[in-house]
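The values are calculated or read from the model by the stated rules, or taken from the named source; none is laboratory data. For clarity, every value in this text was computed on a predicted model and none was experimentally measured. FYI the Cβ positions are ideal-geometry reconstructions off the backbone, even for glycines, and counts take in every protein chain you see. Heads up: the accessible areas ignore ligands, DNA and RNA and are worked out on the full protein's heavy atoms, side chains in. Shrake-Rupley method; radii C 1.70, N 1.55, O 1.52, S 1.80 Å.
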Amino acid sequence: MRLNIFRIPNDKVADIKEKFQSPSLGLDIIGREKTDRSRSSFYFSTHPAQKPISWTETFSDYFENGAPENLIYFGCYLWENESHCFALSYGKCHFYLRQFCDHDFGTHMAKRIANENDIRQKSSKKFAGKKKKEIKSYTKNSRLDTESGESVDYIQASIIDDHREAFGKSGKFGVSMLLCLDIDKDGLEEFFESLISTIDLTEKFSLPRTTIINNTAKSRMFEKILSEEICNVGENTDFTNNSHELVGVDFVFSGQEVYRFKYHGVESKIFDELTIDNLREFIISEKIPTEDILNVLVLVEKDESICYRRYVKESLDYIVEDHNVILSQGNWMEFNEDYLVQLDEYIDRIEIEPTEDELCEVKKMEEDRFNEGAIAYGYQNADKDFSKIKVEPGTPVEAWDLQKGDVVYAVKVGTPQKIGYVCDQSINTLELINKKSNLRKLRITLKSYCLWLILERKTRIEKLSDIGSIIFKQKVESWARKCSDFGVVPKVKISYVK
């Protein structure tokens, strides 16, 4: 039996029952059971609406009795005892369960029963750099490899020997947990009791992740920021349908769906693609107040019928970079301690090159003057030199600021919050070289890339993680990992403004 298991928090049990019993959903309870220890109900779509199949129209003359229509059934098995509630999802029911479930349940269980030395697949979000979402597959017996700067929201792994009898050989762990077990319906109560006894076990490994901060002063502030960005032009938000989306343990990719917006009974025209521009157009045409934007409905349709509907807030991926917060599946999330610890550990492994005594403290000056002064200490000045890298005509590229032997230096002056963009510039340079986009042959063998940071701060740092800006740390991590990927040693050199 395949079990796609969601945990329902106690304060959401009444809400999910009310949702299931609403006429719009079309679910009926067709079975109930009660024992001394638990009670269960099975909800089923007894009268699903017939859904036209759009592609049959092309061959309509082949159907003697008219084009057929699909019946899409779905259901849920809801199990409760005095302290816990779990749901088994069937069909499209996971789209409704995720509004009420514990979003940390699957990964919480993974840290207790999964084998970190036998990971088959991983899905994560990145909060710095160009990659925002990523799915990776691994060969058998691959150890869990989590990068600093990412939040893991799904893994597929084998199950450790101690728990195989109760939970099977392998599982998928995301918002929900998917297991394959040799049990029947009568064995579900014993299974759930085994599950409950495992929930509070000590975790076997850490997993960088986010924690939910809904209904707080912070989340309300972020909702205001998001609504204002939707009204203007911003690059930190996009609809989940434009990439992959994790629903329970299922990856959902956009296919032949079409979309409409709905607000107070008024519907937009049909769109082939969900875009912020289309949403903004609907907001303007219907004069929707800023504080109500996230309550606009998104209708997702396929084969001329509504597959499901949800609010704009549940349909967006949004990153609040200065606050280390994201919006995902309608939940505001903040990085957990595992994420922050791993980020610090990674950047502290970056080699710090000693700074010449005379250059440890310098007067505040423009970068070009600093670079000129560095010539006296054996550096070659490459500032404003656009001859090292050439791409298409009319596109000047400044490769680096200083050079000494096979080491190049990117120099930036300022506070950590202001100089993080040096990492982005350096990554672009590395990518141009690696992709052979450079139309000129480099005249050096590049062995090491060094960020020379001239910090405006009162106290000196012992290690890179002493710098408090999470965004700065994320950018440094992305740059250092890119260097390593290209076979270049990342280094950091530090001076201070007097």
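If a residue has to be charged (D, E, K, R) and loosely packed, with under 11 Cβ neighbours inside 10 Å to count, how many in region 1-36 make the cut?
6
Identify all residues within region 205-227 that are open to solvent by less than 30 Å² (accessible area, probe 1.4 Å) and polar (S, T, N, Q); write none if there are none.
Once the filter is applied, which keeps residues that are open to solvent by less than 30 Å² (accessible area, probe 1.4 Å) and polar (S, T, N, Q), region 205-227 yields T210, S219, S227.
Name the one entry in R143, R164 that is assigned to a loop (DSSP other than H, G, I, E, B), of a type outside the set (V, I, T) and either open to solvent by less than 20 Å² (accessible area, probe 1.4 Å) or free of Cβ contacts under 8 Å to residues at least 40 places away in the same chain (or both).
R143
In region 272-282, what count of residues is obtained for those that are assigned to a loop (DSSP other than H, G, I, E, B), open to solvent by 20 Å² or more (accessible area, probe 1.4 Å) and of a type outside the set (D, E)? Outline the logic, then answer.
Initially, region 272-282 is screened for residues assigned to a loop (DSSP other than H, G, I, E, B), giving 272-275.
Narrowing further to those that are open to solvent by 20 Å² or more (accessible area, probe 1.4 Å): 272-273, 275.
Then drop every residue that is not of a type outside the set (D, E), which leaves 275.
Looking only at that region, the number is 1.
Go through (1) out of contact with any Ser or Thr (no Cβ under 6 Å at 6 or more places or on another chain); (2) open to solvent by less than 40 Å² (accessible area, probe 1.4 Å); (3) part of a helix (DSSP H, G or I) for E358 and report which single condition fails.
All conditions pass for E358, except number (2).
Exactly one of (1) surrounded by 17 or more Cβ atoms within 10 Å (Cβ to Cβ); (2) under 28 Å from V298 (Cα atoms); (3) at pLDDT below 95 is unmet by S148. Its number?
Against the list (1) surrounded by 17 or more Cβ atoms within 10 Å (Cβ to Cβ); (2) under 28 Å from V298 (Cα atoms); (3) at pLDDT below 95, S148 comes up short only on (2).
Restricting to region 113-140, name every residue that is among the small types (G, A, S) and either surrounded by fewer than 21 Cβ atoms within 10 Å (Cβ to Cβ) or modelled with pLDDT under 90 (or both).
Once the filter is applied, which keeps residues that are among the small types (G, A, S) and either surrounded by fewer than 21 Cβ atoms within 10 Å (Cβ to Cβ) or modelled with pLDDT under 90 (or both), region 113-140 yields S123, S124, A128, G129, S137.
Looking only at region 1-31, how many residues end up being in a loop (DSSP other than H, G, I, E, B) and more than 19 Å from P48 (Cα to Cα)?
Final tally of qualifying residues: 3.
Give me the pairs, please: first residue somewhere in region 473-490 and farther than 14 Å from V422 by Cβ, second residue anywhere and polar (S, T, N, Q) and at pLDDT 90 or above, beta-carbon distance under 8 Å, and either six or more positions apart or on two chains.
That search, which allows pairs on different chains as well, returns V488/S448; V489/S448.
Please find, within region 151-161, the residue that is farthest from Y346 (Cα to Cα) out of those that are in contact with a helix residue (DSSP H, G or I) (Cβ under 8 Å, 6 or more places away or on another chain) and open to solvent by less than 10 Å² (accessible area, probe 1.4 Å).
So the residue we want is I159.
Can you pull out the residues in region 32-83 that are modelled with pLDDT under 90 and in a strand (DSSP E or B)?
If the condition is that a residue be modelled with pLDDT under 90 and in a strand (DSSP E or B), then Q50, K51, P52, E69, N70, L71 are the ones that fit.
Which one of these does P23 not meet: (1) over 20 Å from N70 (Cα atoms); (2) at pLDDT 90 or above?
It fails just one condition, (2).
Assess whether T202 counts as being of a type in the set (S, T, Y) and surrounded by 15 or more Cβ atoms within 10 Å (Cβ to Cβ).
Working: of a type in the set (S, T, Y): yes; surrounded by 15 or more Cβ atoms within 10 Å (Cβ to Cβ): no.
Taking the combined requirement at face value, the residue does not satisfy it.
Select from region 283-323 the residues that are of a type in the set (S, T, N, Q) and either buried (at least 20 other Cβ atoms within 10 Å of the Cβ) or modelled with pLDDT of 80 or more (or both) and write down the one among them that is nearest to N70 (Cα to Cα).
S315
Any residue at all in region 44-57 that's buried (at least 18 other Cβ atoms within 10 Å of the Cβ) and within 34 Å of the chain's Cα centre (by Cα)?
yes
Would you mind stating whether D102 is out of contact with any strand residue (DSSP E or B) (no Cβ under 8 Å at 6 or more places or on another chain), of a type in the set (D, E) and either within 22 Å of R481 (Cα to Cα) or in a loop (DSSP other than H, G, I, E, B) (or both)?
On the way: out of contact with any strand residue (DSSP E or B) (no Cβ under 8 Å at 6 or more places or on another chain): no; of a type in the set (D, E): yes; either within 22 Å of R481 (Cα to Cα) or in a loop (DSSP other than H, G, I, E, B) (or both): yes.
No; evaluated as a whole, the condition is false for this residue.
Report, ordered by the first and then the second residue, all pairs with beta carbons closer than 9 Å, sequence separation of six or more or different chains, a first member in region 47-69 that is closer than 30 Å to D28 by Cβ, and a second member that is open to solvent by 100 Å² or more (accessible area, probe 1.4 Å) and assigned to a loop (DSSP other than H, G, I, E, B).
Matching pairs, first to second residue: P48/Y73; K51/E304; P52/E304; I53/E304; S54/Q256; S54/E304.
Any idea which residue in region 167-196 is farthest from R7 (Cα to Cα), counting only those that are in a strand (DSSP E or B) and open to solvent by 40 Å² or more (accessible area, probe 1.4 Å)?
So the residue we want is S170.
Starting from region 85-99, keep only residues that are more than 23 Å from D184 (Cβ to Cβ), then list their pairs with residues that are surrounded by fewer than 22 Cβ atoms within 10 Å (Cβ to Cβ) whose Cβ atoms are within a distance under 6 Å, requiring at least 6 positions of separation or different chains.
Close Cβ pairs (under 6 Å, with a partner that is surrounded by fewer than 22 Cβ atoms within 10 Å (Cβ to Cβ)) amount to K92/F74; F95/Y308.
Exactly one condition in (1) at pLDDT below 75; (2) more than 19 Å from I352 (Cβ to Cβ); (3) aliphatic (A, V, I, L, M); (4) under 27 Å from the mean Cα position of the chain (by Cα) is false for I419; which is it?
(2) is the only condition that I419 fails.
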